[in-house]
């Protein structure tokens, strides 16, 4: 498959139409319940065009999830721009993910429905989180198991927290309490001392713009 930067203007338009159609459909149902015929009909393109851009439906879902995940990662990067402490950066990423779910429920739903194959710590979308884990481990602040599974553990907590906030919406104070408790428990599970866990969890939740 050609990379997005290698596409002709016509092919780029076709891919964008497919992604937009997939996003609309994934907001309403999981990828397994979406026939390719429905995708191409909504996109207004020939069925063969789908396979010019995506190997199969899982690859299609991955591409859609990557669009949203990149948006979320940009917000995490901005929130962490002035923060040097890797543990605080790890905690801040969860806080931004929670705020994203509350501010953009449709985009968060699409991400959660199609993010199953991006949990490897070596995945390009996990580069920043992996670097923060590596720095915290080098400082001796996390338990040994975090070297192999810390990224998976943290991503799992973030995804479950986002799902919970979508399924059980609440007001700002309620969300703050829920997010703070999840961060504190998550950091404690990584071996961060209670005081440090509380500090990392304590920043006020904010909604992305």
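Bear in mind that the values in this text are calculations on the coordinates, not laboratory data. As the structure is a computational prediction, the values presented were derived from the model and not from experiment. Please note: Cβ atoms are built from the backbone with ideal geometry, for glycine as well, and neighbour counts cover all protein chains shown.
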Handout entry: Nitroxide proxy distance, nm - points 7 Å out along Cα→Cβ at residue 160 and residue 74
Key = 3.1
Practice task
Mark the label point 7 Å from the Cα of residue 167 along Cα→Cβ and return the residues of segment 24-38 whose backbone N is within less than 16 Å of it.
Solution key: 30
Exercise for the section: Please list 141-151, 14-24 highest first by mean number of surrounding beta-carbon atoms within 10 Å per residue. Expected result: 14-24, 141-151
Fill in the blank from the handout: So the FRET efficiency between residue 29 and residue 148, C-beta based with R0 = 35 Å and rounded to 0.05, is 0.50
Fill in the blank from the handout: Calculated from DSSP helices alone, with each H run of at least 4 adding -39500 (n - 2.57) and the total divided by the residues of the chain, [θ]222 nm to the nearest 500 comes to -22000 deg cm²/dmol
Handout entry: Using alpha-carbon coordinates, inclination of helix 127-138 to the longest axis of the chain, degrees
Key = 20
Exercise for the section: Just need the relative contact order of the chain here, percent rounded to a whole number, with Cα pairs under 8 Å and 6+ apart. Expected result: 21
Handout entry: Mean separation of Cα contacts under 8 Å (6+ apart) over length of segment 40-139, as relative contact order %
Key = 32
Completion exercise
Of the convex hull enclosing the alpha-carbon atoms of the chain, the direction-averaged projected area in nm² is 12.3
Handout entry: Length-normalised contact order for segment 86-166 - Cα pairs under 8 Å, 6+ apart - percent
Key = 44
Problem - Nitroxide proxy distance, nm - points 7 Å out along Cα→Cβ at residue 67 and residue 139 - result: 3.7
Practice task
Could you let me know the centre-to-centre spacing of segment 104-134 and segment 82-100, using Cα atoms, in angstrom?
Solution key: 14
